[in-house]
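Worksheet: the structure to be examined is printed underneath.
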Amino acid sequence: MEKCFKSMDKEVLEVHGGAAAEEGDHYLRPFVISEPEVTVQKRTESDDFLIIATDGLWDVVHNEFACEVVRKCLGRNRSRFSNRSGASEATVTLVEVAIAKGSKDDISIIVVQLW
């Protein structure tokens with residue numbers, strides 16, 4: 001498990017209980033990757049939203065389930081007035097689901113409504 005925190009104006013990454021400065025200790029390299037997983041897809045007119053998230057979500061939630069949650073939140077928001085957008089509601093819901101499913105990684109999620 002890794003956590004990032006601030007210590008004396010330096011950002012420190014904690015991995016498996018040990019701390020590494022921003023440059024990183026070499027023995028931690030197998031546990032910390034700097035290359036993101038990137039997929040490029042052409043958009044179509046049927047695309048409704050985009051979910052950008054860290055492993056904290058994807059390790060515990062399947063893509064199909066995450067998409068179902070977002071569709072429901074966006075659909076509900078279309079039919080009623082709300083202080084929170086459907087994308088915001090979907091983001092909060094996905095974070096809550098990841099926590100409930102016991103995610104041990106950082107959870108960062110952005111839902112972008114495309115229409």
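Observations on the model:
- Built amide H within the under 5 Å cut-off of Phe49, gap 5+: Leu114
- Taking other residues whose beta carbon is less than 13 angstrom from the beta carbon of His62, and scoring Lys, Arg as +1 and Asp, Glu as -1, yields -2.
Read the figures in this text as sums done on the coordinates, not as results from a lab. No experiment lies behind these values; they were computed from the predicted model shown. Ideal geometry is used to build each Cβ from the backbone, glycine not excepted, and the neighbour counts take in all protein chains shown.
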